[in-house]
Structure formats: structure tokens, C-alpha cells
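Everything below concerns the one structure shown next.
The values are calculated or read from the model by the stated rules, or taken from the named source; none is laboratory data. Because the structure is predicted, anything quoted here is derived from the model rather than measured. Cβ atoms come from the backbone with ideal geometry, glycine included; neighbour counts cover every protein chain shown. The protein model used for the area step is the full one, side chains on, heavy atoms only, and it has no ligands, DNA or RNA in it. Shrake-Rupley method; radii C 1.70, N 1.55, O 1.52, S 1.80 Å.
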Amino acid sequence: MGKVIVVTSGKGGVGKTTSSAALGAALAQGGEKVVVIDFDVGLRNLDLVMGAERRVVYDIVNVIQGEAKLTQALIRDKRVETLYLLPASQTRDKDNLTAEGVAAVIGALKQSFDWVICDSPAGIERGATLAMRHADIAIVVTNPEVSSVRDSDRIIGLLDSKTLRAENGERVEKHLLLTRYDPARAERGDMLKVDDVLEILSIPLLGIIPESMDVLRASNIGSPVTLADDRSAPAIAYFEAVRRLKGESLPVAIPGEKRGFFGKFFGRKAA
Amino acid sequence: MNLLRLFSRSPSAPAARERLQVLLAHERAAVGDSDLVTKLRDEILRAISKHMQVDDEKVTVRMERGAQVSTLAVDIEIPFDAGKKAA
């Protein structure tokens, strides 16, 4: 029986879709069977970030409305054969995403996949609550920035009250993924530091993804960053996050704390 | 190593531009669910189900939307006795 992960944040633009694609690909690159579901009905983008936008035939709404079988709607990645995508509908109303339909889809996918990753839309409306509903594990994507941290706090509250696990008196395993982290700004004191965010949200840290051109580049070419360049800093951070997700205890390195030769000479001058 | 990687790369923005142009051309042409490829897909499946019992599990539909040409491949397994049932 596979595990269900929701990648969520409340705020938009923090990196949910990028992270869903990268974590899904990283797990699949390690041989796990993974499906990533786009819950952003009307504004889908996971297909674009994963480079499958020209191959979408059916979507999750077609499956829920009985117009297509689940197996027909799944798109297999062309690079990693254990990675699949279930796209959101671009044209239908989000009310077509019913609670019963989503339950049936996730129930079926859990049977044949090791990991079911739900890419949540921004906000706290229907799409977001349905994406988190069946989660065993929640990855809260947060930028070191006040509005993102506030929205993440709100989402953590929902994870503790509105999920099936919460309603059954169980806990959803929650992890913080800090994205778009800029070590130079944090060093200058212009950005919330890792410890600040951890202290405020008080959930365990899954990883820190540095702000990087590699992420933009990967989305330009339609490839999860772990596939586009597996030796880039963000890719390495996602690979490590996946190892922690699988239970390995691996210390999180804070970007910029390990100073190179030039850093030692020039790093502190701005302060 | 980082510098070497930077220099060996081709810029990615042209790829982004081309992908978006193709995608948006298709999405703008589509009103509701009714773009041509989707319409064809539905009508082909309807036409076939008139003549035989189509087992959904035995139907594979693949699309590839291109800038100049799109392809639609409908792969249907037709059992030996399908015609007799419909007749």
C-alpha cells in the first residue's frame, strides 16, 4: 500500500509544483513507483513543469466523471519509467472535483504505486482541502518570508483538523521544506533565518532548497530539476530531502554556512 | 566544476518560449472541451462503440500536440467475436 503525500503551502508561488515534480522524480529515479497528481483544476501547471503538456489526453475530472479510466488518464514520464502524472483539468469547473471521486482515485492509486504525491493548489478552498484530505504525510513548502510563514501556519492548522487522519484521531506526519533560500540575504540579516522559521512553525525540517537559476532553467525545458541537472545544488537538496522522507536520518546543511576560500575573504564585509 | 557547467549550457529560454507558444495556441483554440483533437477523440470512440462493445481497459488514446501537426492515436483491441455481438 502506497503512501500519500500532500505538497501544500497556502501561499502561491512558493514552489509547490516545482517541489512536487522534483520530489516525485527523485523518488522515481531511486526506483520507487510514483504518481504525481495535479489538484489545481482550471490552472494546471504540473504537466508543463514535467514536460508532458502536449501529451495530456484525459484528466482527473474525466476520471471522476466516468469519462475515462484511471489507467487511460495517467501519463508516463518519457525519462523515468516509474514516474507518472495525473493532470488536472484545464477547462472544467473545480466543483467537478468531488470528495467521493477523489477518494476513489487516491484509493485506487495507493494499490499500485509506492508514493502518491498530491500537488495542492494555493489557497484553502476546495482543491486545497481535497488535496490534503487523504494525506499520510504533508510537506509544507515555505519561503523565508513573513506572508509565506503565516500562510504555512494556517495550513498546518488545517492539516491537524481537516484531514481524514485528523478526524480519526491520528496524526498527519508534517515536514517543512524551505524553498528559495538565499544564503547571502540571510547572512546580511535581510531574510528570515532557518532557525527563525523552524521556531515559529515548529515542525521538522525536510530540506532547504537554495534559490537557484537551475530551477528556472529546469522549468523552461520542462524537466524536474533532479532530472535536468542531477548535480545542481537544488537537485542535491531534493535528493537529500527524499532520503529523509524515506526515514534516513541525514543532517540538513544550511546553504552558505560552509564557506569556501572566497567566502572567507569577502563574505562578511556586507554585515 | 560549476563554471564548466555554466559555459557548456545552451540557454533554456528559447525552449520555454517555443513550448509556451505551442501550448497556448492549442489552449486558445479550445473553447470548453471542444478543440479538434478532443472532439475527434470523443467521436471516434462513440463511432466504434456503435458497432461493438468497447472494453474501456482495451482502449489506449495518445495525443501529441505539435506546432504544425498534432497526432491522435487510438489503439483499440477488437476481440474476434465483437462483430457478432453487435449484429
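When the residues of region B:27-79 are narrowed to those that are under 18 Å from A:Thr71 (Cβ atoms) and at pLDDT below 80, which ends up nearest to the other protein chains (Cβ to nearest Cβ)?
B:Asp56
Restricting to region A:79-91, name every residue that is open to solvent by 50 Å² or more (accessible area, probe 1.4 Å) and either over 23 Å from A:Gly31 (Cβ atoms) or of a type in the set (Asp, Glu) (or both).
Within region A:79-91, the subset open to solvent by 50 Å² or more (accessible area, probe 1.4 Å) is A:79, A:81, A:90-91.
Answer for region A:79-91, where residues must be open to solvent by 50 Å² or more (accessible area, probe 1.4 Å) and either over 23 Å from A:Gly31 (Cβ atoms) or of a type in the set (Asp, Glu) (or both): A:Glu81, A:Gln90, A:Thr91.
Among the helices (runs of 4 or more DSSP H) contained in region A:184-271, which hold 1 or more residues that are modelled with pLDDT under 95 and away from chain B (no Cβ under 14 Å)? Even if it seems obvious, please write down each step before you answer.
Working: elements: A:194-201, A:213-221, A:225-228, A:233-245, A:261-266.
Fully inside region A:184-271 and qualifying: A:194-201, A:261-266.
Those residues that are open to solvent by less than 30 Å² (accessible area, probe 1.4 Å), among the β-branched types (Val, Ile, Thr) and more than 14 Å from chain B (Cβ to nearest Cβ), I need them from region A:1-58; list them, please.
Residues satisfying the conditions are A:Val4, A:Ile5, A:Val6, A:Val7, A:Thr8, A:Val14, A:Val34, A:Val35, A:Val36, A:Ile37.
Specify the residue that is farthest from the other protein chains (Cβ to nearest Cβ); the eligible residues are those in region A:59-78 that are among the acidic types (Asp, Glu) and buried (at least 18 other Cβ atoms within 10 Å of the Cβ).
First pass over region A:59-78, keeping only residues among the acidic types (Asp, Glu): A:59, A:67, A:77.
When the remaining residues are screened for being buried (at least 18 other Cβ atoms within 10 Å of the Cβ), the result is A:59, A:77.
Details: A:Asp59: 10, A:Asp77: 14 Å.
Filtering region A:59-78 for residues that are among the acidic types (Asp, Glu) and buried (at least 18 other Cβ atoms within 10 Å of the Cβ), the one farthest from the other protein chains (Cβ to nearest Cβ) comes out as A:Asp77.
Looking only at region A:103-111, decide whether some residue is over 12 Å from A:Thr8 (Cβ atoms) and assigned to a loop (DSSP other than H, G, I, E, B).
The initial filter retains those residues of region A:103-111 that are over 12 Å from A:Thr8 (Cβ atoms), namely A:103-111.
Now drop any that are not assigned to a loop (DSSP other than H, G, I, E, B), which leaves none.
Checking region A:103-111: not a single residue is over 12 Å from A:Thr8 (Cβ atoms) and assigned to a loop (DSSP other than H, G, I, E, B).
Residue check: is A:Leu130 within 17 Å of A:Leu85 (Cβ to Cβ) and among the hydrophobic types (A, V, I, L, M, F, W, C)?
No; evaluated as a whole, the condition is false for this residue.
Within region A:79-102, work out how many residues are in contact with a strand residue (DSSP E or B) (Cβ under 7 Å, 6 or more places away or on another chain), assigned to a loop (DSSP other than H, G, I, E, B) and more than 13 Å from chain B (Cβ to nearest Cβ).
Taking region A:79-102 first, the residues in contact with a strand residue (DSSP E or B) (Cβ under 7 Å, 6 or more places away or on another chain) are A:82-88.
Those still in the list that are assigned to a loop (DSSP other than H, G, I, E, B) too: A:82, A:87-88.
Narrowing further to those that are more than 13 Å from chain B (Cβ to nearest Cβ): A:82, A:88.
Count: 2.
Criterion first (open to solvent by 20 Å² or more (accessible area, probe 1.4 Å) and free of Cβ contacts under 8 Å to residues at least 40 places away in the same chain) does A:Asp95 satisfy it? Please lay out each step first, then the result.
Values: open to solvent by 20 Å² or more (accessible area, probe 1.4 Å): yes; free of Cβ contacts under 8 Å to residues at least 40 places away in the same chain: yes.
Taking the combined requirement at face value, the residue satisfies it.
Can you go through A:Arg180, A:Arg154, A:Arg188 and tell me which one is basic (Lys, Arg), surrounded by 17 or more Cβ atoms within 10 Å (Cβ to Cβ) and over 22 Å from A:Asp114 (Cβ atoms)?
A:Arg180
What about A:Gly207, is it of a type in the set (Gly, Ala, Ser) and more than 19 Å from the chain's Cα centre (by Cα)? Steps first, answer last, please.
Details: of a type in the set (Gly, Ala, Ser): yes; more than 19 Å from the chain's Cα centre (by Cα): no.
So A:Gly207 does not fit the description; no.
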